[in-house]
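Participant: One structure is given below, represented as structure tokens, and several questions about it will come after.
The values are calculated or read from the model by the stated rules, or taken from the named source; none is laboratory data. Predicted model, so just to flag it, every value in this text is computed and none were measured. We place every Cβ from the backbone using ideal geometry, glycine too, and count neighbours over all the protein chains shown. For accessibility, only protein heavy atoms count, side chains too; no ligands or nucleic acids. Shrake-Rupley method; radii C 1.70, N 1.55, O 1.52, S 1.80 Å.
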Amino acid sequence: MEFLKCSPRWTRQPKQVQVGEDKVEIITERGTDLWARTYYGFQNDNAPVFQIETSEPFFSFVVKTAFESSCRFDQCGVVMYLDSDNWFKASIEYEDDKIQRLGSVVTNHGYSDWATTDISSDVKSMWYRFSRRDSDYCIECSEDGTEYRQMRIFHMWEGAGKITYGIYACSPTEGAYKATFSNMEIMECQWRADAEWRD
């Protein structure tokens, strides 16, 4: 099922955006971000988020991101934004002309973490696969949309029942750049149950 046919809605719609039949293009705005308290007390909750709502307990969502980021912390990727204190995001955050940080943030009850690995700044696109099993979640990434590798498994304390998830893009420092989202598909859960792993 195509994500864009599920009538996604904006939380903080960006000023410059194009939503087509098969892709979304966002021009980010400076000073936009998602982060909550941890480490230095800073909190920012103003990044644009484009999401759908579901109560389906088992599914996977795939999206391809392409980006022209050039300022520190520029980022775009997949998101599950429940409210300002409970959300998840996965993306590549630009650092400098040598490295970027491929990673994810889980925010439970108002406090964020940040798990990353350094990759080359030559990388300008990435696929993500976001999977749900009740209130547990898995995020994976892929450079070709075929072979995925696990980034993390996590629990959302407020992530049972009805949730909202989709895409986001932001520029915490200077901005702005173009982020393109395509190949957005919802499918049967690709994250195998524990019993399947043991077989």
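Participant: Thr146 - would you say it is assigned to a strand (DSSP E or B) and loosely packed, with under 14 Cβ neighbours inside 10 Å?
Facilitator: Numbers: assigned to a strand (DSSP E or B): no; loosely packed, with under 14 Cβ neighbours inside 10 Å: yes.
So Thr146 does not fit the description; no.
Participant: Separate question: For the stretch 162-196: of the residues being at pLDDT 95 or above, over 19 Å from Ser70 (Cβ atoms) and part of a loop (DSSP other than H, G, I, E, B), which is most open to solvent (accessible area, probe 1.4 Å)?
Facilitator: Glu188
Participant: Let me ask something else. So which residues in the stretch 93-117 are touching a residue at least 40 places away in the same chain (Cβ under 8 Å), more than 16 Å from the chain's Cα centre (by Cα) and open to solvent by less than 50 Å² (accessible area, probe 1.4 Å)?
Facilitator: Hit for the stretch 93-117 is Gly110, nothing else.
Participant: When the stretch 148-199 is examined, which residues are found to be touching a helix residue (DSSP H, G or I) at 6+ places or on another chain (Cβ under 7 Å) and among the aliphatic types (A, V, I, L, M)?
Facilitator: Listed by number, the residues that qualify are Met184, Ile186.
Participant: Does the stretch 28-46 contain at least one residue that is in contact with a Lys or Arg (Cβ under 7 Å, 6 or more places away or on another chain), at negative phi and in a strand (DSSP E or B)?
Facilitator: The answer is yes, given that some residue of the stretch 28-46 is in contact with a Lys or Arg (Cβ under 7 Å, 6 or more places away or on another chain), at negative phi and in a strand (DSSP E or B).
Participant: Would the stretch 20-27 turn up any residue that is without any contact (Cβ under 8 Å) to a residue 40 or more places away in the chain and either assigned to a loop (DSSP other than H, G, I, E, B) or more than 15 Å from the chain's Cα centre (by Cα) (or both)?
Facilitator: yes
Participant: What are the residues in the stretch 24-72 that are over 23 Å from Trp191 (Cβ atoms) and among the aliphatic types (A, V, I, L, M), if any?
Facilitator: Val24, Ile26, Ile27, Leu34, Ala36, Ala47, Ala66
So that you can scan it fast, the table gives a plain yes or no per residue for (1) touching a helix residue (DSSP H, G or I) at 6+ places or on another chain (Cβ under 7 Å); (2) over 23 Å from Ser142 (Cα atoms); (3) aliphatic (A, V, I, L, M):
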{"site": "Phe3", "(1), (2), (3)": "no, no, no"}
{"site": "Gln13", "(1), (2), (3)": "no, yes, no"}
{"site": "Thr28", "(1), (2), (3)": "no, yes, no"}
{"site": "Ser55", "(1), (2), (3)": "no, yes, no"}
{"site": "Phe67", "(1), (2), (3)": "no, no, no"}
{"site": "Gly77", "(1), (2), (3)": "no, no, no"}
{"site": "Ala90", "(1), (2), (3)": "no, no, yes"}
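Participant: Considering only residues that are open to solvent by 40 Å² or more (accessible area, probe 1.4 Å), closer than 18 Å to Leu82 by Cβ and in a loop (DSSP other than H, G, I, E, B), which ones fall in the stretch 123-143?
Facilitator: Result: Asp134, single match.
Participant: Okay, next question. If I filter the stretch 20-53 down to residues being among the small types (Gly, Ala, Ser) and closer than 15 Å to Arg9 by Cα, which single residue comes out as surrounded by the fewest Cβ atoms within 10 Å (Cβ to Cβ)?
Facilitator: From the stretch 20-53, those among the small types (Gly, Ala, Ser) are 20, 31, 36, 41, 47; that's our starting set.
Adding the requirement that they be closer than 15 Å to Arg9 by Cα leaves 20, 47.
Working: Gly20: 9, Ala47: 26.
Taking the candidates together, the pick is Gly20.
Participant: For Ser120, all conditions in the list (1) in contact (Cβ under 8 Å) with a residue 60 or more places away in the chain; (2) of a type in the set (S, T, N, Q); (3) open to solvent by less than 60 Å² (accessible area, probe 1.4 Å) hold save one; what is the number of the exception?
Facilitator: Evaluating Ser120 over (1) in contact (Cβ under 8 Å) with a residue 60 or more places away in the chain; (2) of a type in the set (S, T, N, Q); (3) open to solvent by less than 60 Å² (accessible area, probe 1.4 Å) leaves (1) as the failure.
Participant: Moving to a separate point now. Taking the condition of being open to solvent by 30 Å² or more (accessible area, probe 1.4 Å), assigned to a loop (DSSP other than H, G, I, E, B) and touching a Pro at 6+ places or on another chain (Cβ under 9 Å), how many residues in the stretch 1-14 meet it?
Facilitator: Adding up the residues that qualify gives 2.
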